[in-house]
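K.L.:
Okay, here's the structure, questions in a sec.
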Amino acid sequence: MKFTRLRLSGFKSFVDATDLVIEPGLTGVIGPNGCGKSNLLEAMRWVMGENSFKNMRGTAMEDVIFAGTTGRPSRNHAEVTLVIDNSGRTAPAAYNALDTIEVLRRIEKDAGSSYRINGKEVRARDVQLLFADASTGSHSPALVRQGQIGQLIASKPINRRRILEEAAGITGLYTRRHEAELRLKAAEANMTRMDDVMGQIEIQLAGLKRQARQAARYKNLSGMIREQQSIMLHLKWQNAITALATDEERLNASNARVTETSRDAVIASKAQADAAETLPPLREAEAMAAAKLHRLTVERDQLEAEERRAREQAERLAATLRQIAQDLERERHLMEDTRAALDRLSLEEAELRGAEEGQVEAQAQAGEQVEAFRTRLESRERALDDLNRDVAALVAQRQSLQQQSQAAVSRLERLERQLADLGRERDILTGG
């Protein structure tokens, strides 16, 4: 397989579209550190189907996209195209019609990689098989990077075997055999899973057979139930016909009663209209009676209030009379005590005059005491007269209040009789 051109765009340090022409005799790239030698080799391995980001010296496959610098922004995608010379028609039959074969791999952020061969979208496996059939690929020992010669010398026998197989041109056969082995293992796993599924299906089939028997039994029972339901519905239908005839008879009787009731209602409506014609005078009389009743009720309330005030005043006067009687009794006791003291003093005066005629001073003192008692007795007598006059006035006032109370009671009884008469008249008017 002869490579003629490698085109890079946005891949690692190759931010701009760059074409590397691979002329006959070109076997390697030499240059100082940092010039991009390893990026060219990694681009060739990447377009051949490399899937390990570690082999691309990154932490993720998206690290192959140009990350940007201080002077240029980052890119959102990277693209590598490898042009193969097919003038000798050594490619697989699917791609052997053209003189050149273009293999393109494109990666976008958060979208993954896509492959195209001659503009047709293909799988990564198809690209890997294309290069495996040509005894090359992303892991081919013919792609030697810096420091790999020492690794090839010190490599294990299995790695040396891979070199010999590639030199013999059977790498594609081993790749297909590995893929066939994976398919066979997947088929065996599917067969094992099929046995498990068949066992589950047999268990489900047994359950379905049991359910089918139950369904058949249910169908038979359902037929019997429907037959019994049909009989019951027929009986209900006959009963409904009988009930319908009975209800029709009752409806006819009800219609007759309705007709008779309607006739009575017409008569009652006519009587109501006649009564309505005589109702306004009665309502006017009732309104006048109600106004008169209200006026009498107000007067009765006023008389009851006057009666309560008169009774309260009579009670106060009675209490005053009781207090005056108590004061009179107390004054009588005082007068009796005063008369007794005067009598006693008169006796003492007589004794003193008879026994001690010469004691002028004692006689004068006794005379003064007698005069004082007389003055006190006179004042008490005047007070007693005043009290008697007050008692007489209170007795006259009480008699006047009693007469007013009796007159109010008589007026109240008369008003109550009038109210009763008005109530009877109103009942008669309302009932009419």
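The values are calculated or read from the model by the stated rules, or taken from the named source; none is laboratory data. Since we're looking at a predicted model, the values are computed, not measured. FYI the Cβ positions are ideal-geometry reconstructions off the backbone, even for glycines, and counts take in every protein chain you see.
K.L.:
Give the stretch 56-85 a look and list any residue that's over 11 Å from Phe11 (Cα atoms), touching a residue at least 40 places away in the same chain (Cβ under 8 Å) and out of contact with any strand residue (DSSP E or B) (no Cβ under 6 Å at 6 or more places or on another chain), or say none.
P.N.:
Result: Met61, Arg72.
K.L.:
If you don't mind, there's one more thing I want to ask. Applying the selection to the stretch 40-57, what residues are surrounded by fewer than 19 Cβ atoms within 10 Å (Cβ to Cβ) and touching a helix residue (DSSP H, G or I) at 6+ places or on another chain (Cβ under 9 Å)?
P.N.:
Asn51, Ser52, Phe53, Asn55, Arg57
K.L.:
Starting from residues that are modelled with pLDDT of 85 or more and either among the small types (Gly, Ala, Ser) or surrounded by 17 or more Cβ atoms within 10 Å (Cβ to Cβ) (or both), keep the ones in the stretch 88-110 and report whichever is nearest to the chain's Cα centre (by Cα).
P.N.:
Ile107
K.L.:
Cβ-Cβ distance below 8 Å, separation of 6 or more or different chains: which pairs start in the stretch 98-111 with a residue that is under 16 Å from Phe53 (Cα atoms) and end on one that is in a loop (DSSP other than H, G, I, E, B) and of a type in the set (S, T, N, Q)?
P.N.:
Correct list of pairs: Glu108/Asn76; Lys109/Asn76.
K.L.:
Further question on the same structure: Looking at the structure I just gave you, is Glu50 assigned by TED's automatic domain parsing to the domain that holds Thr136 and either at pLDDT 90 or above or in a strand (DSSP E or B) (or both)?
P.N.:
no
K.L.:
Still on this structure, please answer the following. Any chance the stretch 180-188 includes a residue that's surrounded by 10 or more Cβ atoms within 10 Å (Cβ to Cβ), farther than 30 Å from Ala134 by Cα, among the acidic types (Asp, Glu) and modelled with pLDDT under 90?
P.N.:
yes
K.L.:
May I pose another question? Which of the residues that make up the stretch 325-382 are surrounded by 12 or more Cβ atoms within 10 Å (Cβ to Cβ), at pLDDT below 70 and of a type in the set (Val, Ile, Thr)?
P.N.:
Matches in the stretch 325-382: Val370 only.
K.L.:
Let me ask something else about it. Among the candidates Glu248, Glu260, Glu188, single out the residue that is assigned to a helix (DSSP H, G or I), closer than 30 Å to Val127 by Cβ and either under 57 Å from the mean Cα position of the chain (by Cα) or not hydrophobic (A, V, I, L, M, F, W, C) (or both).
P.N.:
One residue alone meets the criteria, Glu188.
K.L.:
Taking the condition farther than 19 Å from Leu8 by Cα and touching a Lys or Arg at 6+ places or on another chain (Cβ under 7 Å), does Asn96 pass? It would help to see each step written out before you state the result.
P.N.:
Details: farther than 19 Å from Leu8 by Cα: yes; touching a Lys or Arg at 6+ places or on another chain (Cβ under 7 Å): yes.
The answer is yes for Asn96.
K.L.:
Right, something else. Any residue in the stretch 130-141 that is closer than 30 Å to Val64 by Cα and at pLDDT 80 or above?
P.N.:
Checked the stretch 130-141: at least one residue is closer than 30 Å to Val64 by Cα and at pLDDT 80 or above.
K.L.:
Could you tell me whether Arg217 is basic (Lys, Arg), within 30 Å of Leu129 (Cα to Cα) and either surrounded by fewer than 10 Cβ atoms within 10 Å (Cβ to Cβ) or not assigned by TED's automatic domain parsing to the domain that holds Gln128 (or both)?
P.N.:
no
K.L.:
Looking for something charged (D, E, K, R), part of a helix (DSSP H, G or I) and touching a residue at least 24 places away in the same chain (Cβ under 8 Å) - is there at least one such residue anywhere in the stretch 8-21?
P.N.:
The answer is no, given that none of the residues of the stretch 8-21 is charged (D, E, K, R), part of a helix (DSSP H, G or I) and touching a residue at least 24 places away in the same chain (Cβ under 8 Å).
Listed here are the residues, each with its yes/no results for (1) surrounded by 12 or more Cβ atoms within 10 Å (Cβ to Cβ); (2) free of Cβ contacts under 8 Å to residues at least 40 places away in the same chain; (3) under 30 Å from Gln397 (Cα atoms); (4) in the same structural domain as Leu401 (by TED's automatic domain parsing).
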position	(1), (2), (3), (4)
Ala273	no, yes, no, no
Glu277	no, yes, no, no
Met288	no, yes, no, yes
Leu293	yes, no, no, yes
Leu303	yes, no, yes, yes
Glu306	yes, no, yes, yes
Glu312	no, yes, yes, yes
